[in-house]
Structure formats: C-alpha cells, structure tokens
Amino acid sequence: EDIQRDTPYKVHAVLYDGSDNVSAVTSIAVTTEPLKLKSLTIIPDTSATSVLTGFRPEKLDYGTITVPAGTKEVSVTAEANAAVFVGSLTINGDTEIVDKKISLAGGTADISIVIQETGKRSVTYSVKIKVAASAALKTLTVNGAAYVPGTSPDIAIGPDQRQVELVVVPEDAAAVIRIDGTVIGAGVPVLLSIGAETSEIKLDITPADGG
C-alpha cells in the first residue's frame, strides 16, 4: 500500500542484536505531511528573473520582498508537488496559477498561495511585495529653463558672481533632495550664488525609504 499524504500511521518495529536476540515490539504514531508546493516564482515587470529566492516546500512565510522602483505588477506562478491531485491550488483566491498578475498600484501587495488536497490539511504560503522608493529626478530647471544633467550643455558663467535659480522636482514627492549637502524642498526655487570658481553643483536625491 502506498503511503498517503496527511494520514496518521502507527509504525511498529523490533530490533535484533548480533546474537539474533529480539527486542520487545516498539511503536510510534506519526502523521505524514500534507501536499505542498514544488515551486513558486514571483517575477516583477521590471525584471526577467524571480525575486523569490531560496524557495523550499517546507518554508511557508517569505516575509517582505522589495522590487525595483517603477514596478507596476508581478507575475506569480505556483506548482504543486504532485502531477495529479484532487483539490485546489489558488493564488489570492484565484485558480489562475501560471503568470497570475498581482498589481502593485498601491506600492505593496500581499500574496497568499493556498494548496488544498480534498479531505486533507491545507498549506498556505505567504509573501509581501514592496516597491522600492524612487530616487529618480523628474525635472530640473535652471533660471526657468529645463536642464538634463549629463545631456544639457554646460552653463557658462562670467567672471562675476551671480545668482542662479534652481527648481528640483523628484519622481517621488517624499524623496529628500540635497544641493551640496543642504536639504531643499521639492519644487521650491533655490537661489545659488555662483561664479567662475564654481565648476559644478552636487545634487543628491535620497528615496523615502533611505535606499
């Protein structure tokens, strides 16, 4: 008889020593494991590889996984550790288990995969997905004109010191902006006094999550 999943058994055993003396019969009650997953992949639309690493059938909670800024959704695929079984396998309550699309429109998503063999215990796998905060620059203007670092031509400044107005707008309004180490407000005009001795201005954007 084949061993069944999630089924109680009582195992009996006797031991023999080197002289073929038999021990008393011993027994132990055991219950086999329920049906679990064979594989689980989570692929963001910003990548071609799964962000869920270290999958093991016996590991059920994978905590929070951060995906790159700009990720709009993830594709989840789950596979049962049985070629055929009677029951269900769902991702967030849906029986679509191959490339199931999970939206990250709110910046996070909870993913729950439940495998349930009829008449047996269910097994639930949990993952939380979080989109990394953005450090991208949305717009930068210098004296009211659009400027793209690394693309726009250098700005010529004469020998006399003068003021230049900068307005910096990051993709993420919660990001922290610094010009030469000083924190400035997003979209707030900043006047800088510069002259011939200034070769560059250092602009840093730190995402809201500190990454």
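The values are calculated or read from the model by the stated rules, or taken from the named source; none is laboratory data. Source: prediction; values computed, not measured. Every residue, glycine among them, receives a Cβ derived from its backbone with ideal geometry; neighbour counts consider all protein chains shown. Just so you know, the surface numbers come from the protein's heavy atoms only, side chains and all, with ligands and any DNA or RNA stripped out. Shrake-Rupley method; radii C 1.70, N 1.55, O 1.52, S 1.80 Å.
Structure shown: which of Lys59/Lys120; Lys38/Lys101; Lys59/Lys130; Lys10/Lys120; Lys128/Lys202; Lys59/Lys100 lie over 30 Å apart, alpha-carbon to alpha-carbon?
Values: Lys59/Lys120 19 Å; Lys38/Lys101 20 Å; Lys59/Lys130 20 Å; Lys10/Lys120 18 Å; Lys128/Lys202 36 Å; Lys59/Lys100 21 Å.
Checking Cα-Cα distances, Lys128/Lys202 exceed 30 Å.
For segment 115-125, 3J(HN,Hα) computed residue by residue from phi via the Karplus equation (6.51, -1.76, 1.60; θ = phi - 60°) reads 10, 9, 8, 3, x, 10, 5, 7, 10, 10, 9 Hz, glycine and proline entered as x.
Near Ile157, once Lys and Arg are set to +1 and Asp and Glu to -1 for all other residues with Cβ below 12 Å from its Cβ, the sum equals -3. Amide H contacts under 5 Å for Ala69: Ala132, restricted to partners 5 or more places along the chain or on a different chain, H placed in the peptide plane at 1.01 Å from N.
Restricting things to Cα coordinates, could you compute the convex hull volume per residue of segment 148-190 in Å³?
Numbers: hull volume 4.1 nm³, N = 43.
Per-residue hull volume (Cα only) is 96 Å³.
Rounded to the nearest Hz, the phi-derived 3J(HN,Hα) couplings of segment 168-183 under the Karplus curve 6.51 cos²θ - 1.76 cosθ + 1.60 (θ = phi - 60°) are 10, 10, x, 4, 9, 4, 8, 5, 9, 10, 10, 10, 6, x, 9, 6, where x marks glycine and proline.
Here the chain exposes an accessible surface that is 52 percent carbon and sulfur, computed with a 1.4 Å probe and the other protein chains kept in place.
With all pairs of separate Cα atoms included, the chain yields a Kirkwood hydrodynamic radius of 22.6 Å. Per residue, segment 1-108 exposes 64 Å² of accessible surface when a 1.4 Å probe is rolled over the protein heavy atoms with every protein chain present. Based on protein heavy atoms only, segment 167-210 ends up with 57 Å² per residue of surface accessible to a 1.4 Å probe.
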